[in-house]
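The values are calculated or read from the model by the stated rules, or taken from the named source; none is laboratory data. Bear in mind that the values here come from a model prediction, so they are computed numbers and not experimental data. Cβ placement follows ideal geometry from the backbone for every residue including glycine, while neighbour counts extend to all protein chains displayed.
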Amino acid sequence: MLVIENLEKTYAARGGGQPVHALRGVNCTVKQGDFFALLGPSGCGKTTMLQSIAGLETPTGGKIRIGDKTVFNSDKSIYVPTSQRMLGMVFQSYAIWPHMTVFDNVAFPLVHGRHKAPREEVRKRVMLALERVKLADFAQRLAPHLSGGQQQRVALARAIVHEPRLLLLDEPLSNLDARLRDTMREDLRNLVKSLGITTVFVTHDQVEAMGMADQVAVLHGGSIVQIGAPEEIYFRPRTAFAANFVGRSNTLPGRVTSVERVGGQNLLRFQTAIGEICSSVASDVEAGSEGLCIIRPQAFSPVPDRTATEECANAIGGVLSARSFLGDTVEAQLTVRDTPLRIVLNSYDTVMTGSEMRFSVPFDRCVIVPAER
């Protein structure tokens, strides 16, 4: 288990500039065996956070605990060196030594590490690690003679060979081509989950985070704006930033007109430029406050001609002003009262540019979040 409390990191000002607050009071807990993603754009603090966990950066303040051992505590001046934190790491560049064989690369932590292992144990553990990443037959091959995906698996084998308490991955798939990245994403998750190693990985790719992680932490400006399962982050974003960074969304500014109790749940009425939108999703906004309505492009359902618009939840009508056929789906733009909305349709639906269309959006697919400041 990993516990981070009120973690701060400030870089000193340089050349007359202002100090850089890379981390601002970050708190999170990663459960034992979880695959945990740090997701965010460049400069949001995710790499600084990973390096602080690894001991490669010294935070300005806060606490870090790995398992039952505190490895950093600014109040008590505790700092445990990287070599004593029992970590496995895979860097973005893989850091494979080109003059060594695959076997020697993987054996390095056991041969030159703090706790050197006997020769027979080294061989046994290295071959077991290579078998787990499906590279046992490549043990004597020189590292430069491997493909990108094979080098990535060598780096992973080296990271797990000494059975770490925590595995840290710094954008491990970014150097692979798109097709190989899809394959390795599934292989990497299956391997880590089979070993039961708690894993934290950094990525700016939302597909990687959503497809691999048990929990995702979305970072912005040095702070965590939301932590949750991929489905929760996608369907229940708490901020406009989280909604727009994780997937695509329509963002409609407006004002809460009322919060009513209907059928055992709160129904929030929200006035926008395209009309009133109702939401049944729990929200931090109150009646009279300004906010943003988040609607995913996939949330729209076409309304058949025979269905009265009044019978539909959040009935929205407009002109289909643009469409793109993408095979699996049709991406289109619906213009409603001069406001463009992005929608995703079934590729078998017959839709023509310029036609008038009506859609329904269920109350639980509309999320109201506080207005950005």
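Summary of computed values
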quantity	calculated
Flag if THR10 is hydroxyl-bearing (Ser, Thr, Tyr), surrounded by 15 or more Cβ atoms within 10 Å (Cβ to Cβ) and in a strand (DSSP E or B)	yes
Residue list for the range 96-138, filter: over 10 Å from VAL154 (Cβ atoms) and of a type in the set (Gly, Ala, Ser)	ALA107, GLY113, ALA117, ALA136
ARG132 within 27 Å of the chain's Cα centre (by Cα) and not small (Gly, Ala, Ser)	yes
Residues located in the range 21-71, provided they are in contact with a helix residue (DSSP H, G or I) (Cβ under 9 Å, 6 or more places away or on another chain), crowded, with 24+ Cβ neighbours inside 10 Å and not hydrophobic (A, V, I, L, M, F, W, C)	GLY40, PRO59
Qualifying residue in the range 100-113 (condition: out of contact with any strand residue (DSSP E or B) (no Cβ under 7 Å at 6 or more places or on another chain), small (Gly, Ala, Ser), outside any loop (DSSP other than H, G, I, E, B) and crowded, with 18+ Cβ neighbours inside 10 Å)	yes
Selection count, the range 127-138, where residues are assigned to a helix (DSSP H, G or I) and basic (Lys, Arg)	1
Residue under evaluation GLY317, criteria (1) part of a loop (DSSP other than H, G, I, E, B); (2) within 27 Å of THR239 (Cα to Cα); (3) more than 30 Å from the chain's Cα centre (by Cα), criterion not met	(1)
Checklist (1) out of contact with any Ser or Thr (no Cβ under 9 Å at 6 or more places or on another chain); (2) modelled with pLDDT of 90 or more; (3) within 23 Å of ILE160 (Cβ to Cβ) applied to MET210, failing item	(3)
Pick from the range 159-204, criterion within 20 Å of ILE64 (Cα to Cα) and either at pLDDT below 85 or not hydrophobic (A, V, I, L, M, F, W, C) (or both), ranking: surrounded by the most Cβ atoms within 10 Å (Cβ to Cβ)	THR199
Counted residues, the range 339-365 - those being touching a residue at least 60 places away in the same chain (Cβ under 8 Å), not in a strand (DSSP E or B) and not aliphatic (A, V, I, L, M)	4
Scan of the range 252-274 for residues that are modelled with pLDDT under 95 and polar (S, T, N, Q), ordered by number	THR257, SER258, GLN265, ASN266
Any chance LYS124 is in a helix (DSSP H, G or I), out of contact with any helix residue (DSSP H, G or I) (no Cβ under 9 Å at 6 or more places or on another chain) and basic (Lys, Arg)	yes
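Okay, residues lined up against (1) free of Cβ contacts under 8 Å to residues at least 40 places away in the same chain; (2) within 14 Å of ASP34 (Cβ to Cβ); (3) among the hydroxyl-bearing types (Ser, Thr, Tyr); (4) part of a loop (DSSP other than H, G, I, E, B):
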site	(1), (2), (3), (4)
ARG179	yes, no, no, no
LEU191	no, no, no, no
GLY211	yes, no, no, no
ILE233	yes, no, no, no
ARG238	no, no, no, yes
ALA243	no, no, no, no
ARG248	no, no, no, yes
LEU252	no, no, no, no
THR257	yes, no, yes, no
